[in-house]
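Comments concern the structure below.
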Amino acid sequence: MSVSSAGRDADALSLAKIASYEDPNKTSSQHSRESRWKRIVQKFSLNKDPAAKLPKSYVPLTERNLTEFFNPDYNDEHDAFHKTEAVEGALPIDANSPQKPPYGLYAEKLSGTAFTAPRHENQQTWLYRILPASAHSAFSPRESRTYNTNPESKPHEKFFQIPNQLRWDPFDMDESVDWVHSLHLVAGAGDPATKSGIGIFIFAAGRDMDPHSAFYSADGDFLIVPQHGVLDIQTELGKLLVRPNEICVIPRGVRYRVTLPEGPVRGYILELYQGHFTLPELGPIGSNGLANARDFQAPVAYFDEDNDGSNTYTLLSKFAGHLFEAKQDHTPFDVVAWHGLYYPYKYDLGRFNTIGSVSFDHPDPSIYTVLTAPSHGSAGTAVADFVIFPPRWLVAEDTFRPPWFHRNTMSEFMGLIGGQYDAKEGGGFQPAGASLHNVMSAHGPDAATHEKASNAELKPAKVGEGSMAFMFESHLMVGVTEWGLKKCAKVQEAYNEESWVPLKPRFRRPEKGGEVKNGTDGAATEGGIGDKKQVPHWTD
Ligand SMILES: [Fe+2]
């Protein structure tokens with residue numbers, strides 16, 4: 001067996017290694033990005049000190065990721081057509097499926113949408129690989145006690161739809177399992193078999209996937225939110241290193257293997273059974289803001305070469321919530337080149353351009369939407385929004401600055417990557433924990449937060465420093481699994497009692513008169529808007 005590689009190794013992220021990294025197989029576009037990176041290194045004299053960081057003022061991203069801002073081993077930009085080759089000349093020049101692709105490679109199409117989807121939604125990618133993805137044995141079921149994406153029956157049959165506000169203590173680490181067996185379905189709606197709905201997972205793993213294995217979900221796109229530890233993800237289309245305060249999206253069907261270079265990992269996943277994530281419309285915000293397309297990073301082509309039959313690989317498939325496996329005698333990671341619009345990507349939440357009120361009132365949290373999966377049934381309504389609450393300035397005058405009390409036709413599942421969420425002072429919402437406020441389940445600031453915010457001096461204030469909370473918001477009524485309600489043993493039974501029951505009435509009748517007239521006093525004449533003496537208007 002021999003292994004060749006073109007791209008990034010997990011340990012190649014130090015500044016010194018990136019700055020000096022040379023690969024004879026890099027394409028011209030990769031060289032261009034590397035040249036740009038080297039200019040930055042030179043501009044800030046970073047090559048003199050491998051531990052140096054770019055000035056914080058240069059770009060507001062997560063500090064530990066500064067060395068990757070111009071990393072040549074990623075393609076930048078969301079929804080962009082990417083083309084990448086690990087060996088120069090591996091991408092056919094004049095056709096997608098030539099009679100003889102370069103270097104004896106097989107051409108293979110990976111379709112993320114129907115062929116005939118509208119052009120602005122169409123996502124297809126052409127792969128040029130050593131052996132086609134179909135070269136494996138038949139699948140056989142492989143359920144296990146540690147595989148919890150669908151332990152009993154079809155997901156939609158075992159969700160418990162309940163109106164209770166729910167909050168979970170931090171979910172446990174589990175160092176005994178790998179990525180595949182770390183997936184715990186905690187909540188969701190719909191059914192992957194009909195490509196409708198979402199699944200919400202907690203993952204906690206401590207072991208690398210087997211070196212001769214790969215996993216994919218036929219059920220949907222994984223939006224992965226690490227809370228603890230580092231995920232080194234080798235996908236068919238290249239490598240992604242994803243850390244807390246970064247997210248990644250692995251599209252439906254893309255095969256990958258997860259290793260844990262810094263030990264145990266834990267986090268959250270939103271699986272989208274229908275459609276794909278995209279950037280939200282910006283409306284009056286204009287052409288820039290929130291998550292900028294340029295800050296998303298897709299991998300460049302990277303391949304292993306192991307096809308002499310000396311190793312047996314296990315291909316694991318999540319299919320309608322069940323786990324299946326097949327065998328093959330060659331590596332699944334043999335894509336030498338690819339081009340298209342359907343690929344995995346990652347994003348540093350520290351790059352989010354946060355926008356808020358500069359006058360009064362607390363805006364809807366939709367202003368913090370990173371990615372959205374629009375419902376096609378109703379404009380502006382999402383199957384799932386991924387929303388974050390990053391560090392930000394609050395300057396609104398005469399305003400109750402935390403989120404208001406509310407009931408929402410959308411369901412809200414929240415998690416906390418780190419720090420303390422500024423809307424919860426009670427201490428019950430912890431990193432690695434979660435909350436669910438379902439359709440029309442009333443919620444808002446807890447009593448302590450309300451008291452504090454009602455009396456706070458309204459000077460400009462930075463909130464959320466060192467913190468990153470997020471929300472999976474969906475127009476679907478989310479059900480909770482038995483694992484989420486019982487088996488995980490993390491539900492806080494006293495959530496309501498601790499949060500909102502302590503709220504006291506604040507209403508006081510006016511001292512003079514002592515009678516509330518609700519604007520019905522005075523002469524019954526037709527008035528204007530805002531005139532408390534008005535009677536109902538009507539038109540001829
Ligand atoms: Fe809410």
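Overview of results
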read-out	value
Only listed residue being within 30 Å of GLU121 (Cα to Cα), assigned by TED's automatic domain parsing to the domain that holds LEU237 and surrounded by fewer than 22 Cβ atoms within 10 Å (Cβ to Cβ), chosen from GLY356, GLY340, GLY380	GLY340
So THR354, is it hydroxyl-bearing (Ser, Thr, Tyr) and touching a Lys or Arg at 6+ places or on another chain (Cβ under 7 Å)	yes
Selection status of TRP393, farther than 30 Å from PRO299 by Cβ, part of a strand (DSSP E or B) and away from the ligand (no atom under 16 Å from the Cβ)	yes
Test for SER359: is it touching a residue at least 12 places away in the same chain (Cβ under 8 Å), of a type in the set (S, T, N, Q), away from the ligand (no atom under 16 Å from the Cβ) and not in a loop (DSSP other than H, G, I, E, B)	no
Residue that is nearest to the ligand (Cβ to nearest atom) [pool: residues in segment 407-421 that are part of a loop (DSSP other than H, G, I, E, B) and within 28 Å of PRO374 (Cα to Cα)]	ASN408
Residue identified as in contact (Cβ under 8 Å) with a residue 60 or more places away in the chain and among the hydrophobic types (A, V, I, L, M, F, W, C) among ALA447, ALA423, ALA434, ALA379	ALA434
Test: residue in segment 245-262 that is in a loop (DSSP other than H, G, I, E, B), in contact (Cβ under 8 Å) with a residue 60 or more places away in the chain and within 16 Å of PHE296 (Cα to Cα)	yes
Residue check for ALA95: more than 29 Å from ALA135 (Cα to Cα) and modelled with pLDDT of 85 or more	no
Count - residues of segment 362-390 that are of a type in the set (S, T, N, Q) and either part of a loop (DSSP other than H, G, I, E, B) or more than 16 Å from the ligand (Cβ to nearest atom) (or both)	4
Segment 222-244, residues that are of a type outside the set (Val, Ile, Thr) and not in a strand (DSSP E or B)	GLY229, GLU236, LEU237, ARG243, PRO244
Condition broken by ALA337, with the remaining ones in (1) farther than 30 Å from GLY418 by Cβ; (2) small (Gly, Ala, Ser); (3) modelled with pLDDT of 95 or more; (4) under 23 Å from the mean Cα position of the chain (by Cα) satisfied	(4)
Residue identified as among the aliphatic types (A, V, I, L, M) and modelled with pLDDT under 95 among ALA214, ALA193, ALA218	ALA193
Sole exception among (1) touching a residue at least 60 places away in the same chain (Cβ under 8 Å); (2) more than 25 Å from ALA301 (Cβ to Cβ); (3) crowded, with 17+ Cβ neighbours inside 10 Å for LYS327, by number	(3)
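The values are calculated or read from the model by the stated rules, or taken from the named source; none is laboratory data. Keep in mind that this is a model prediction, so the values were computed, not measured. Quick reminder, even Gly has a Cβ in these numbers, built from the backbone with ideal geometry, and neighbours come from all protein chains shown.
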